[in-house]
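Asks: Here it is, the structure, as structure tokens.
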Amino acid sequence: MALYLLYESASGYALFSAYGLDEIGQNTEAVQSSVTDLTRFTKVVKLEAFTPFDSALDALNQCSSVSEGQMTDGLRNFLEASIPKPKEGKKPKYSLGVAEPKLGSHIHEETKIPCQSNEFVNELLRGVRLHFDKFIENLKSGDLEKAQLGLGHSYSRAKVKFNVNRVDNMVIQAIFLLDTLDKDVNSFSMRVREWYSWHFPELVKVINDNYLYAKVAKFIEDKSQLSEEQIPELTDIVGDEDKAKEIVEAAKASMGQDLSPIDLINVKQFAQRVIDLAEYRKTLYDYLVAKMNDIAPNLAALIGEVVGARLISHAGSLTNLAKCPSSTLQILGAEKALFRALKTRGNTPKYGLIFHSSFIGRASARNKGRMARYLANKCSIASRIDCFLEKNTNAFGEKLREQVEERLDFYDKGVAPRKNIDVMKSALENVIKNDSEMDVDEPSTKKSKKRKSKAEAMEEDTPVADANGDASEEPKTEKKKKKKDKKKHEEENVEDAVPVDDGTAKKKKKKKSKDEDVEAPVAASEGKKKKKKKSKGEDDE
């Protein structure tokens, strides 16, 4: 049986035929020894056909399809033109060797060409890859390397762009930075407390919050200069007038040592850095909340933005989290405890990162494990909805949260919860209603825009008509008179034909009546002139 080899290079598709397989006996070791020697390898493998790619973009598309195990139209046409077709009703006396088994199965499904991918074929393709530039004529030494480098860069860039569109990477980085900022702000705040306590130790007992302590320390600086006149400004910082007065009284009777101006400047600068870090932490948290509502709205509505972001970052991506079963998601983050329990044959952990959810904290000690299992089940559903649903909605997450609340009531009070099918049906109905409302709003806005444009056009036309009416009061020639008469007859016919149904038609009629009132004396004067002419003609007769 003849064997053909399909090789996908950076410059195009190549088809090789392998000869002398009976002599080799398909021995892999014999093939490996003949691969490195060009003279021996060219006796076994020969080039049958080669088709180059049209452009760099075509090469990228072909490479992406092959990596996903899909056969493109270009590859299909190349194979049908290069490989002889078997007779009808008979099996082909050849097979096609490919490197990727998925690609081979797809080629066999589409073209009925038998494909194989094994160690023997891979060794032959390795030799083809090694000596490929020797098989192609008119190929310069550095052309193939340039093509491989360009295709590699464009393929990697395309993959990175695909990952950038999946904004879960931004969520992962934001939650990591948020955790490190929490540690840094806490450690720096403790350093500010210890440093400034040498000067004003009583301030620690009055103010417990780290952020407020840094702001007050920056404002006071030297405690000896603090007076009652600064109580309103202290009240704005602290938010309580009694605390501000207490700080002023404590500063008068403080036991701390005096600091030099240089030391106070350093304390003030460090307190300002702590304040900036705390404010940046708040803005980063708002950014994380916005990103989570964009990428995983249902998971954020169910378990919260921070816990949901931690689950996504621990799994690696939202897609990986959606692939996890609920039993894995339940203990995600407690891997050390799990393997330690498996090693020592102890009790396995009941929860991991989802322990930080408020639902497990509200559950009783007896029901914490049950609640963790149920919550992991709902989180798995929410993550799959967020990953594979095209529309951005949090209706499912809110309904799943209601289910978790009902389960808490069931464990505490014995109230029977609703069935999952009914809850999901109501969520789907809400989503469909919201979509229909959005669809109804869009054409109404378009109609209003059209009406506005028509009204503007009418307003623009009216002054022109008025100007024409003013000009037609005193016509100079008979031709102008005839034209005016024709226009009047046409307008009268139009008025008779238009039915009076809507308010708009009434408005138009009013406008026309005004125009008629203006033009009425003109018509009367024209009639008088005509009568005079007729009377003159009669007298002549």
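The values are calculated or read from the model by the stated rules, or taken from the named source; none is laboratory data. Here the structure is a predicted model, which is why all the values come from computation and not from measurement. Here Cβ is always computed from backbone atoms with ideal geometry, including for glycine, and neighbour counts include all displayed protein chains. The protein model used for the area step is the full one, side chains on, heavy atoms only, and it has no ligands, DNA or RNA in it. Shrake-Rupley method; radii C 1.70, N 1.55, O 1.52, S 1.80 Å.
Asks: What is the stretch 43-156's relative contact order, in percent, from Cα pairs under 8 angstrom and six or more apart in sequence?
Replies: Relative CO of the stretch 43-156 lands at 25 percent.
Asks: In debye, nearest 20, what is the charge dipole magnitude of the stretch 168-233 about its Cα centre with +1 on Lys and Arg Cβ and -1 on Asp and Glu Cβ, if you could check?
Replies: Dipole magnitude for the stretch 168-233 comes out near 180 debye.
Asks: With a 1.4 Å probe and all protein chains left in place, how much of the accessible area of the stretch 333-444 comes from carbon and sulfur atoms, in whole percent?
Replies: Carbon plus sulfur share of accessible area: 53 percent.
Asks: Ignoring ligands, DNA and RNA, what accessible area per residue does the stretch 8-141 give at 1.4 Å, in Å²?
Replies: For the stretch 8-141, the per-residue accessible area is 59 Å².
Asks: Given R₀ = 41 Å, FRET efficiency for E405-T344 by Cβ-Cβ distance, to 0.05?
Replies: 0.65
Asks: Could you tally the net charge around K268, taking each other residue with its Cβ under 9 Å from the Cβ of K268, Lys/Arg +1 and Asp/Glu -1?
Replies: In short, 0.
Asks: What does the accessible area per residue of the stretch 257-329 come to in Å², with a 1.4 Å probe and no ligands, DNA or RNA counted?
Replies: Heavy-atom SASA per residue in the stretch 257-329 reads 46 Å².
Asks: With all pairs of different alpha carbon atoms counted, what Kirkwood hydrodynamic radius in Å does the stretch 64-219 show?
Replies: Hydrodynamic radius (Kirkwood, Cα pairs) of the stretch 64-219 is 22.5 Å.
Asks: Taking the Cα-to-Cβ direction at A416 and at R157 and moving 7 Å from each Cα, how far apart do the two end points lie in nm?
Replies: 6.3
Asks: Moving to a separate point now. D294 to L177: extension gain in nm, 0.36 nm per residue of separation minus the Cα-Cα distance?
Replies: 40.2 nm
Asks: Please report, as a whole percent, how much of the solvent-accessible surface of the stretch 221-306 comes from carbon and sulfur atoms (probe radius 1.4 Å).
Replies: Summing carbon and sulfur atoms, their accessible area is 48 percent of the total for the stretch 221-306.
Asks: Taking every Cα atom in the stretch 294-381, find the radius of gyration and the maximum pairwise distance Dmax, and write them in Å.
Replies: Using the Cα atoms of the stretch 294-381, the pair Rg, Dmax is 12.8, 43 Å.
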